[in-house]
1. At a probe size of 1.4 Å, how large is the accessible area of Met321, to the nearest 10 Å²?
2. What relative contact order, as a whole-number percentage, does region 24-175 give when Cα pairs under 8 Å and 6 or more residues apart are counted?
3. Which shape class, rounded, prolate or oblate, goes with the chain when its Cα gyration tensor gives a ≥ b ≥ c as root eigenvalues, a/c under 1.5 marks rounded, and past that a/b bigger than b/c marks prolate?
4. For region 16-104, which whole percent of the accessible surface, found with a 1.4 angstrom probe, sits on carbon and sulfur atoms?
5. Would you mind checking the tilt of helix 727-737 against the longest principal axis of the Cα atoms of the chain, expressed as 0 to 90 degrees and rounded to 10?
6. Specify whether the C-alpha gyration tensor of region 212-349 places it in the rounded, prolate or oblate class, a ≥ b ≥ c being the square roots of the eigenvalues: rounded for a/c under 1.5, otherwise prolate if a/b is larger than b/c and oblate if not.
7. Could you report the chain's accessible area per residue, 1.4 Å probe, as an integer in Å²?
8. Relative contact order of the chain: what whole-number percent is it, with Cα pairs under 8 angstrom and at least 6 residues apart?
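The values are calculated or read from the model by the stated rules, or taken from the named source; none is laboratory data. The shown structure was predicted, so the numbers you read here are calculated from the model rather than taken from an experiment. When we count neighbours, we look across all protein chains shown, and the Cβ atoms used for this are built from the backbone with ideal geometry, even at glycine. Protein only, heavy atoms only, side chains kept; ligands, DNA and RNA dropped before computing areas. Shrake-Rupley method; radii C 1.70, N 1.55, O 1.52, S 1.80 Å.
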Amino acid sequence: MQFAESWLRCFVNPEITSEALADLLTMAGLEVEERRTVADAFKNVYVARVCNIEPHPNADRLKVCQVDLGEYGFKQIVCAANNVAEGIKVPCALPGALLPAGLQIKPTLMRGIESAGMLCSAKELGMSQESSGLFLLPNDAPIGQDIRSYLGLDDIILTLKMTPNRSDCLSILGIAREVAALTTTQLQPGTQQEANSEIAPQLKENLPIDIQATDLCGRFSGCIIRGVNARAQTPFWMKTRLERAGLRSISALVDISNYVMLETGQPSHIFDLNQIKGRLIVRWAQKDESLKLLSGELVQLAPDVGVIADETGVLAMAGIMGGDSTAVTLDTIDIFIETAFWRPEAIVGRARRYNFSTQASHRFERGVDYAATVERLHRIVALVLDICGGQAGSVSDVKNQLPQRLPVLVRLNRAEKLIGMSLNADQLRDCFVRLGCEVTLNKNLSAPIFLVTAPSYRFDLQIEEDFIEEIIRIIGYDQLPDRPPLAIVQMSTVSEQQRSVHALRHQMAALGYQEVVNFSFVSKSWEEDFSGNQEPIKLLNPIASHLNVMRSSLIGGLVANLRHNISHRMDRVRVFEVARVFEKNAVQNSEPLAVQGFAQTSHVAGLSYGLADQLQWSGSKCEVDFFDIKGDVEQILPFVAEFRPAHHPALHPGRSAAIIQNQKQIGIVGQLHPLWVQKYELPQAPFVFELELGSILSLNVPKYKEISKQPIVVRDLALVVGEDITAQQVIGALTLGFGPYSTWLQHIVLFDQFKPTQDGKGLRLNEKSLTFRIILQDFENSIEDAQVELLIKQLVESAASLCGAKLR
């Protein structure tokens, strides 16, 4: 919301400086994003009248002008502007002037003709970014007056960053109400304030209105004016205020509509009355209806889009934009002015669906004062009659189930508890009255209780907490007492059986990974590709069309991070994320931090891509592989997990594994599926893992273990097994084979694997050889060779019975 401070002070003029006013608004929640003057400082520029024009003898485009500057006399100025003409009044910069663009004015010769100054455009004065010629001043501009004084160029332009809930402050009147409440200043009556006096009709004529969609429109007001002069000039003061609010002047009728919208917050629309056939109908769009908008765009209307129609078809999109067929032109003589209350839920999102937004839809989506449509209509009619002339008919006003503002119970003790300071009943009553609320105090109770009814323009005041927030906003956040928090301090110890997520993050960073944070909202295609989830949790109102579901896996976000880094020429990427995923769960109950029917679990996921180690002179270029990322996973696991072959939609079917703890799958690890490598245009496949966070945060309490003084025994054991038997299965069989000698086992590690390319060397094509190193050690005695041989035989028999293994 942008406007000139002088316009605001026509409504309310507290005795505070401009800077103090900006601070006051910011502290009240209406953040002043920018504060600047209309134009940068300059001097020696005055109002001048062009008296005579002659062609330049040596240049076709130049003209020699004689200008009158009043007390500064007559000056000869050479000008090239295409709109220079005799009798016009324009700004004239005299020698010595330094304009905002850095141009210094001095007497000069232009093609042999002396020029003693410059006639200026709005761009040259720093008032606009564009220029179409000289800046034309009104005919009543006093010749010789300083232009800064006449145009008010020292006026302050305020730009407010509005929160979505404060629709009442999308107007000068709304902001003036706020300033009045904050400073206990009265709103000023005057010609620029909203017009509340009813216009006496000059014609006994109105246009019938039929509201067929009660869930679309709550009130529709309109008035006919015949015999208007659409070619009338917009008053200079109105043009100035519109331009300083960021709107350009179009025509008198359009400017009046825009002006009242900025002044009061009520959007309106002006129809060419002669293009309306019969009555006006307010309804939802019908099948296959379309409309050519004022912007020239032809849109196909959906059934949930509201329209204003006549007997022949659609004339406008309700609360959004008018149609081209009934648009007013410079030849329009008879008009119909409409002001309405469109229900916010019927307007929200409709304009964005067609990839545009309007000032009207921006306001109607948030709520417009439904009690003042007729008053705003009178204001527009008065301005039209004053500027464009004509005769007005009677006002049509059709109401249909307007919102009811019910009183809300506000307790003094509740306000004191939430705000954190002592209050009294008079303070509360004063705040509510200043906000324009209706207040009733129940004095029969020990603690004061108010019944407060919000005004019709405050859509954000619905519950007790809303009114309590207003209390401290009006009193001032700077009035809150400076008190340190008082609480019993308890030493919080961390359990030895639990590690923090922060410690896990440190461990991942130590392994060379960088943390990323991604949206919980993802594309539906990601869920299908990386989770195989055909029915993800859909969002009712997504922030973007492609972020329309909740993620059930973190892998998609990491792949997107990888693509971004590759596009920036990064050839080695290590990233991880710790975050929540979301899945449907019928047994999930509603809790303070949970929603019924939806499970929210925390996961940790990582991605590794490129070289296994940083490029260096002493090492070889070795690409990361499955065993590298499996090793990283084993580093962060606080226990020895089992890895089993797995089939996961995101992973390569032959290069992936499920991570098992106590016969329960807690995660997956492997290479990204070749389909997704191709689809997402990756030069090579990354390796990824994803784990349930809760399963890996528990730690075993450290226990004392005696160190044996006996020598170790090392044996290598080569076993032939079927190609479908995993090393993990063989290790499990060997471990079971120890039986009563399990205390001897220190370690079993696979260090060699051999697969034949053809039958031979004691192996078939469907077999493989796995070689394990077994380390034995007893705590009391040295292990003898005979005992070792007997144990190895026992291990081979166990592997043979459980895995079909044979000694190679």
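1. Met321 has an accessible surface of roughly 40 Å² with all protein chains in place.
2. 30 percent
3. It comes out prolate by the Cα gyration axes.
4. Summing carbon and sulfur atoms, their accessible area is 47 percent of the total for region 16-104.
5. On a 0 to 90 degree scale, this one is about 40.
6. Prolate, since a/c reaches 1.5 and a/b exceeds b/c.
7. 52 Å²
8. Contact order relative to length: 8 percent.
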